Amino acid sequence: MKLARVKLARATGKLGLLALAVIASPFAMADDSAGWYGGASIGQSRATIDDARITSGLLGGGFSTTSITDEDRDLGYKIFGGYQFNKNFALEGGYFDLGKFGFTATTVPAGTLSGNIKLRGINLDAVGILPITEKFSVFGRVGANYAEATDSFTGTGLVTVRNPNPSSRDTNLKLGLGLQYAFTESLAMRAEVEHYRIDDAVGNKGDVDLVSVGLIYRFGGKTPAPTPRAAVLPEPVAVARVPEVVAVAPPPPPVPTKVTFSADSLFDFDKATVKPAGAQDLDKFAADLRGANFDVITVTGHTDRIGSHAYNLKLSTRRAEAVSTYLVSAGIPADKIAAKGVDGSDPVTKPGDCVGKKATKELIACLQPDRRVDVEVSGSK
C-alpha cells in the first residue's frame, strides 16, 4: 500500500513540536531510559455499524429495510518502532491493520445490500510515560494516522449500487492509553486501547478502537524509575460510520396507448355483460395502468353492420359502458373514463370482404373483427 509522503511529513512536523515541548518541561528530565525500541501488538478491533444511516440511505432509494446483520469486530494488529528520549517521553511510529467490517441489509422490494470496509495505514504518535513501580508504568499517546479505507458494496435483487468500490486515504487523529510491564531491562509487555479517527471513503468520518496486547524489545534501554500512581484502563468507545448509498429501483413498465378487445371474447352474442373470460383481459389492462399518469381513457364500442342502425348504436353504447364500469371497479378513476358507441360505422373489414346481408353463420363469422371495444389512453407519461 503506497501512502502519501507529504501528508505524513506534515503530521511528523506537528508531532515534533509536541515532542520539543514535552522535553523542555520540568518533568521531562534526561536519564538512562533513552534508546531505540521495536515491537508488535495484536488484538480485537471494534466498530459500531450505523444501521440508521443504512436504513435512511435505502429509504431514499425507495426501499424499506426488514433486517440488518452487522459484522462489527475483527482481528487487528500493528508493528511499531520508536525512540524513548527519557523516562517520560517517546516518539513512536508504525504500520497498523484494523481488519474488515461489514453489514448485510435485507430490503423490500426484494433484495439485499452488503457493504465491507478494510482499514490499514501508518501512524506517528507522541507517547507520554508515567512509571508506577520498578516494572509497571502507564502511558498515553496522541498522534496522527494516515489510513487507507477500501470499500466494497454489492446489491442483489432490485438493489443496485452506483459506486461499488470506493476508496480514500486521509490523515486523522489517533489517541491511546495503556499499561506496560517490564520482564527485563530489554523485554516488556503492553496492553492498550487505541482510538482511530477514520475517513470511510464515502464522505463520512467515524471511529474504530483497537484493544491489543504486544511485546516490546528495547535496544539498550533500562527500566524506568518507579512513581507511586495507580493504573487505569478505559472502556473503549467505538463509533464507526458506514457509507451512504443510493439504491435505484427499475422504471415502471410502459403504459399501453390503445388496446382492442374482441366483443366476442368480452360478451355473449347480443349481450352487454362482461364474461369471466373477458374480465381477465380487462384486469390485466387495469393492472398496467395503476400508478401511471394519464389524462383520459376513451372506451368505444363497435358492432358489425348486421341489424338496424338504432339497435346497433344502443348495443355498442351499452357494451362501452359495461367495459368502463368494469375498469372503475378495477381501480381506474371514474372521472378519467369516457364511453361511447358508434354501431358499425367504423368497420375493420374492407368492402367486399364479407358478402351478403342476411345474418348467416358465414357472414357473422366473417364480420367478427368489426365487433370490438377499443380502449385508448391519452396523455400517458
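The values are calculated or read from the model by the stated rules, or taken from the named source; none is laboratory data. A quick note: this is a predicted structure, and the numbers were derived from the prediction, not measured. Note that we place each Cβ from the backbone using ideal geometry, even for glycine, and neighbour counts take in every protein chain shown.
To keep it simple, each residue is scored yes or no on (1) at negative phi; (2) at pLDDT below 95.
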| residue | (1), (2) |
| --- | --- |
| ARG169 | yes, yes |
| GLY178 | yes, no |
| PHE183 | yes, no |
| MET189 | yes, no |
| GLU192 | yes, no |
| ASP200 | yes, yes |
| GLY203 | no, yes |
| GLY206 | yes, yes |
| SER212 | yes, no |
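Which residues, taken from the stretch 155-202, are closer than 22 Å to GLY128 by Cα and in contact with a helix residue (DSSP H, G or I) (Cβ under 8 Å, 6 or more places away or on another chain)?
To start, the set of residues in the stretch 155-202 that are closer than 22 Å to GLY128 by Cα comprises 171-197.
Matches in the stretch 155-202: THR171 only.
The set of residues in the stretch 102-118 being under 21 Å from TYR77 (Cα atoms) and out of contact with any Phe, Trp or Tyr (no Cβ under 6 Å at 6 or more places or on another chain) consists of GLY102, ASN116, LYS118. Scanning the stretch 144-160 for residues that are among the hydrophobic types (A, V, I, L, M, F, W, C) and surrounded by fewer than 20 Cβ atoms within 10 Å (Cβ to Cβ) yields a total of 1.
Taking the conditions (1) polar (S, T, N, Q); (2) free of Cβ contacts under 8 Å to residues at least 60 places away in the same chain; (3) surrounded by 19 or more Cβ atoms within 10 Å (Cβ to Cβ) in turn, GLN84 satisfies each one other than (2).
Given the condition in contact with a Ser or Thr (Cβ under 6 Å, 6 or more places away or on another chain) and surrounded by 15 or more Cβ atoms within 10 Å (Cβ to Cβ), answer yes or no: does some residue in the stretch 272-284 qualify?
Taking the stretch 272-284 first, the residues in contact with a Ser or Thr (Cβ under 6 Å, 6 or more places away or on another chain) are 278.
Add one more test, that the residue is surrounded by 15 or more Cβ atoms within 10 Å (Cβ to Cβ), and what stays is 278.
Checked the stretch 272-284: at least one residue is in contact with a Ser or Thr (Cβ under 6 Å, 6 or more places away or on another chain) and surrounded by 15 or more Cβ atoms within 10 Å (Cβ to Cβ).
With respect to the conditions (1) in a strand (DSSP E or B); (2) among the small types (Gly, Ala, Ser); (3) over 20 Å from ASP72 (Cβ atoms), GLY121 falls short on a single one, namely (3). When each of PHE294, PHE285 is tested for being within 14 Å of VAL377 (Cα to Cα), under 53 Å from the mean Cα position of the chain (by Cα) and in a helix (DSSP H, G or I), the lone residue that passes is PHE285.
Of the listed requirements (1) surrounded by fewer than 17 Cβ atoms within 10 Å (Cβ to Cβ); (2) modelled with pLDDT under 85; (3) in contact with a helix residue (DSSP H, G or I) (Cβ under 6 Å, 6 or more places away or on another chain), ASP343 misses just one: (1). Only one entry of GLY344, GLY356 meets the criterion of being over 19 Å from THR260 (Cβ atoms) and over 42 Å from the mean Cα position of the chain (by Cα), and that entry is GLY356.
Among the residues that make up the stretch 301-318, is at least one of them hydrophobic (A, V, I, L, M, F, W, C), surrounded by fewer than 16 Cβ atoms within 10 Å (Cβ to Cβ) and over 40 Å from the mean Cα position of the chain (by Cα)? Talk me through it step by step, then tell me what you get.
Initially, the stretch 301-318 is screened for residues hydrophobic (A, V, I, L, M, F, W, C), giving 306, 310, 313, 315.
Still in the running and surrounded by fewer than 16 Cβ atoms within 10 Å (Cβ to Cβ): 310.
Those left that are additionally over 40 Å from the mean Cα position of the chain (by Cα): 310.
The answer is yes; a qualifying residue exists.
Assess whether ILE364 counts as being part of a helix (DSSP H, G or I) and either at pLDDT below 85 or assigned by TED's automatic domain parsing to the domain that holds GLY301 (or both).
Details: part of a helix (DSSP H, G or I): yes; either at pLDDT below 85 or assigned by TED's automatic domain parsing to the domain that holds GLY301 (or both): yes.
Criteria met by ILE364.
ARG218: under 28 Å from SER45 (Cα atoms) and either surrounded by fewer than 20 Cβ atoms within 10 Å (Cβ to Cβ) or modelled with pLDDT under 90 (or both), yes or no? In short, no. Take the conditions under 16 Å from LEU98 (Cβ atoms), crowded, with 17+ Cβ neighbours inside 10 Å and touching a His at 6+ places or on another chain (Cβ under 9 Å) and apply them to VAL208. Does it pass? So VAL208 fits the description; yes.
Against the condition modelled with pLDDT of 90 or more and either under 18 Å from ASP264 (Cα atoms) or assigned to a loop (DSSP other than H, G, I, E, B) (or both), how does ARG318 come out, does it pass? Working first, answer last.
Values: modelled with pLDDT of 90 or more: yes; either under 18 Å from ASP264 (Cα atoms) or assigned to a loop (DSSP other than H, G, I, E, B) (or both): yes.
Spelling it out, ARG318 is indeed modelled with pLDDT of 90 or more and either under 18 Å from ASP264 (Cα atoms) or assigned to a loop (DSSP other than H, G, I, E, B) (or both).
Scanning the stretch 303-353 for residues that are without any contact (Cβ under 8 Å) to a residue 40 or more places away in the chain, touching an Asp or Glu at 6+ places or on another chain (Cβ under 8 Å) and either closer than 18 Å to LEU282 by Cβ or outside the structural domain of ASP268 (by TED's automatic domain parsing) (or both) gives a single hit, SER316. Just one of the numbered conditions (1) under 20 Å from GLY176 (Cα atoms); (2) touching a Lys or Arg at 6+ places or on another chain (Cβ under 7 Å) is not true of LEU124: (2).
Quick one: is ARG162 of a type in the set (Lys, Arg), assigned by TED's automatic domain parsing to the domain that holds GLY115, within 32 Å of the chain's Cα centre (by Cα) and outside any strand (DSSP E or B)? Yes.
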